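Where a number appears in this text, it was derived from the coordinates with a stated rule and is not lab data. Keep in mind that this is a model prediction, so the values were computed, not measured.
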Amino acid sequence: MKALFIIDMLKDFINKDGALYCGDASREIIPFVKKKIEEFHNNRNLIVFICDSHKEEDLEFKMFPRHCVNGTTGAEIIDEFFIGKKDVIIKKNRYSAFYHTNLDQTLKDKNIGEVHVVGVCTSICVMDTVGDLRNRDLSVIVYKNGVADFDQKAHQFALERMEKIYGAEII
């Protein structure tokens, strides 16, 4: 079975007034991601919304501005997306969606062998999650039209690393 990971498409990252806005490139991927969500819903595949979620005094705020704090509007999935009843929401507090979450068990329970990835930021949470997917020997497809970053140089580096080092398919 296949799964679609939608990584950090949250108001603090995607909305222009968000605490850690990822730039116009993050807004430009919305129509593509919406299309993928519809496709995966229509084919009854698993959809996993992976959501950055921090406590008020998270140590990550020493590196990045305060963002995606639990219970705030900024931590919500953007309004443009439809969340189905069978979709899974994974809240994470570090770059990889696997760190201290039940994602590994969710994938095993659903017998997932292939994961398609979209979201932000390519060079941080997307790349770290893809690395952990490949460490679990899962097939991974990352959509160039479905990922974005606030740093274009880092974005390009991440795409190349995910393909050449992790073995993900970049299409």
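Computed on the Cα trace of region 40-106, the radius of gyration divided by the Kirkwood hydrodynamic radius gives Rg/Rh = 1.01.
Rounded to the nearest Å, what's the spacing between the alpha carbon centres of region 102-170 and region 1-68? Just the number, please. A separation of 13 Å, based on Cα centres. Beyond 27 Å in Cα-Cα separation lie the following of the pairs K92/K144; K16/K36; K16/K62; K11/K85; K62/K144; K85/K153: K62/K144; K85/K153. Restricting everything to alpha-carbon atoms, can you work out Rg to Rh for region 2-170 with a Kirkwood hydrodynamic radius? Computed over Cα atoms, the ratio is 0.93. Amide H to amide H, with H built 1.01 Å from N, L4 comes under 5 Å of L46, I47, V48, H116, counting only residues 5 or more places away or on other chains.
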